[in-house]
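Here's the structure we're looking at; comments come further down.
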Amino acid sequence: MDEMEKEEGEYVPFYNIAGGPFPIPQTYERVFHLREHSCSANNLVREIAGEGENDEQVSKSLETVTSLMFDQEKFQEVEPLYRRLLKVEERVLGMEDEGTMATVSNLALVLKKQCKWDEAEVLSRRDLEASERVLGVDHPDTLISVGNLGLLLDEQGKLEEAEALYRRGLEESERVLGVDHSDTLRAVNNLGMLLKEQGKLEEAEALLRRNLEGESKISGADHRSTLNARGNLGLLLMKRGDKSGEGMVRDVLSSLLSPPHSLLKTHAWIKKFSQAVEL
C-alpha cells in the first residue's frame with residue numbers, strides 16, 4: 001500500500017490484489033478507484049467510485065479485498081465494501097445467484113461481528129430462504145445458512161428458535177454429510193452448548209462427549225478443534241458440579257495458549273475458558 005498513499009481525498013488507482021493492475025491501463029483508473037481517508041485507530045475507510053462501468057472487474061476486485069479485510073477482522077471498514085459488492089451483484093447477477101447469496105451471508109456475518117443484530121438477522125433469513133429455494137433444503141450450503149442463522153439467534157438469546165434450527169441442521173447434516181463430517185460435528189457442538197445454557201444438561205453432555213470423540217477421531221487429540229471440544233465438555237461438567245471439569249478447562253487453556261497453537265488472550269475460546277475458571 002505504500003506506493004498508493006496520497007493526500008487525503010485524492011483518488012488513486014485500485015490494483016487487483018490477486019492479479020495486478022486491470023488489463024486495460026487506460027480505463028482502469030476511471031473504472032474503479034480507492035479513496036483513502038484517515039480515521040480513528042489509523043484504520044482506512046474505503047469508498048468505491050465508478051458505478052456501472054466494468055462491473056465484472058469491480059466485482060472480482062471487491063471479492064478479493066473484502067475477503068482479505070474480513071480475514072484481518074476489519075469489520076467496520078469492510079462493511080461498506082460488502083454493501084457495494086452486493087449492489088453490483090444484485091444488478092448484474094440477480095438476487096438469487098449463488099455469488100450474490102454468498103455476499104448476503106458474508107455481510108450478515110460482518111454485521112453480527114459489530115452487534116448490528118437486526119439487519120444481520122434480516123440478511124441471514126434472506127440467505128437461508130434463498131438457499132432453500134435455489135439450492136434445496138439439504139444442500140451443504142443451505143445447511144451452513146441454517147447454522148449461521150441459528151448462531152445469530154443464539155447470540156441474541158432467542159434460544160427456542162435457535163434450538164429448532166440447530167436440531168434441523170444436525171439432522172440434515174447427519175443424513176447428507178455423515179455423522180463424522182466436520183460440519184456435522186460443529187452442529188453437534190452448537191446444539192450441545194445451547195442445551196447447556198438452557199440447563200438441559202443430560203442431553204448436552206451426551207452431545208458434547210460425542211463431539212469430543214468425533215473431533216479426536218478426525219482431527220487428532222492435540223488439534224485445536226479437539227481441544228475446544230474438550231474444554232466445552234469441561235464447562236458442562238463444571239455446571240453439573242463435577243470437579244474434574246475445571247481441571248479439563250485449565251488443561252485446555254494451557255494447551256491453546258502454548259505452541260503450536262499460541263492463541264491470543266483475546267481469542268474467543270481463550271476468553272470463554274478463562275472466564276469459566278476466573279483467570
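Quick note: the coordinates plus some simple rules give every number you see, no bench work behind them. Everything numeric here is computed off the predicted structure, so don't read it as measured data. So basically every Cβ, Gly included, is an ideal-geometry build from the backbone, and we count neighbours across all protein chains shown.
Using 0.36 nm per residue of separation minus the Cα-Cα distance, give me the extension gain between R168 and T266 in nm, one decimal.
Stretched fully, the R168-T266 segment lengthens by 32.1 nm.
S67 to A206: extension gain in nm, 0.36 nm per residue of separation minus the Cα-Cα distance? Provide the component values of the computation, followed by the final result.
Details: separation 139, 0.36 × 139 = 50.04 nm, distance 3.67 nm.
Extending this stretch completely gives an extra 46.4 nm.
Taking the Cα-to-Cβ direction at D141 and at E161 and moving 7 Å from each Cα, how far apart do the two end points lie in nm?
Placing both labels 7 Å beyond Cα along the Cβ direction yields 2.4 nm.
Mind grabbing the base-10 log of I(q)/I(0) for the stretch 142-259 at q = 0.11, 0.17, 0.19, 0.22 Å⁻¹? Debye formula, identical points on the C-alpha positions, no solvent, two decimal places.
Treating every Cα as an identical point scatterer, log10 I(q)/I(0) equals -0.35, -0.83, -1.01, -1.23.
R0 = 41 Å: FRET efficiency of R125 with S244, Cβ-based, nearest 0.05?
The computed FRET efficiency comes out at 0.50.
Step through the table entries K200/K239; K217/K272; K239/K271, compare each Cα-Cα distance with 21 Å, and write down the pairs that go over it.
Numbers: K200/K239 11 Å; K217/K272 24 Å; K239/K271 17 Å.
Where the Cα-Cα span goes over 21 Å, the pairs concerned are K217/K272.
Cα centroid distance between the stretch 69-89 and the stretch 178-251, in Å?
What the calculation gives is 33 Å, centre to centre.
For the pair R91 and V179, what calculated FRET efficiency results from E = 1/(1 + (r/R0)^6), where r is the Cβ-Cβ distance and R0 = 45 Å, to the nearest 0.05?
Working: r = 42 Å, r/R0 = 0.94.
With a Förster radius of 45 Å, E is 0.60.
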